[in-house]
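Heads up, the thing below is written out as structure tokens.
The values are calculated or read from the model by the stated rules, or taken from the named source; none is laboratory data. Owing to the predicted nature of the structure, the values given are computational and were not obtained by experimental measurement. Please note: Cβ atoms are built from the backbone with ideal geometry, for glycine as well, and neighbour counts cover all protein chains shown.
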């Protein structure tokens, strides 16, 4: 493997890691083992700290492929908690409001879920990296400032109900770049005449790359060391 010329690595991001944590871990290990001061390492699509699953990490000249990967469709398994909302639309912040759920039946869920298939307009979460006047939306939110975010046109290629037991709803979503699954959870809650927030999220596919193709972080670190040692012996 030649990490300067460029390699593409498929890695499973652990829970509570930021995307930067993962990139930084791999960069640090490569630079230390290769005894390099600098090495370009980047990822093709951020995952929130509370999300897990597939991340594509590119090194060296392969970082030029990042944009191509970013525009490929992505698949997620999302778990929603019905009857409650949070400001961040996930578990990062505590519940700020509760709503009735007694009226939510399997029949209602089956009627509502297909409404999100195809082209949809979605307002990003206020706790997001969307820029407004050069400043990240989450910076305004953390400062207690209210801002209005413009809706974006997105495409949901597939949406499927996997499981439903009040107050838990689990769905599979295949979507375009820029889709916020947290915002989708919010909108599904509203469409059900209640509230909802994301309680778990796993990215299972980017393009043709699947989660089962991924390295676990610790296994990858060992593999990288072995590959680098192997290359040095063969030189």
Set 70, 115: member being within 18 Å of residue 174 (Cβ to Cβ) and modelled with pLDDT under 95: 70
Boolean, residue 65 is more than 22 Å from the chain's Cα centre (by Cα) and surrounded by 14 or more Cβ atoms within 10 Å (Cβ to Cβ): no
Selection within the range 35-64 - assigned to a helix (DSSP H, G or I) and out of contact with any strand residue (DSSP E or B) (no Cβ under 6 Å at 6 or more places or on another chain): 60, 61, 64
The range 97-111, subset over 12 Å from residue 189 (Cα atoms) and not in a loop (DSSP other than H, G, I, E, B), residue farthest from the chain's Cα centre (by Cα): 107
Cβ-Cβ under 9 Å pairs, at least 6 apart or on other chains, the range 175-195 side in the same structural domain as residue 102 (by TED's automatic domain parsing) and at pLDDT 95 or above, far side part of a helix (DSSP H, G or I) and crowded, with 21+ Cβ neighbours inside 10 Å: 175/181; 175/184; 195/186; 195/189
Which numbered condition residue 131 fails, given (1) surrounded by 12 or more Cβ atoms within 10 Å (Cβ to Cβ); (2) free of Cβ contacts under 8 Å to residues at least 60 places away in the same chain: (1)
Which numbered condition residue 220 misses (of (1) touching a helix residue (DSSP H, G or I) at 6+ places or on another chain (Cβ under 9 Å); (2) buried (at least 21 other Cβ atoms within 10 Å of the Cβ); (3) not in a strand (DSSP E or B)): (2)
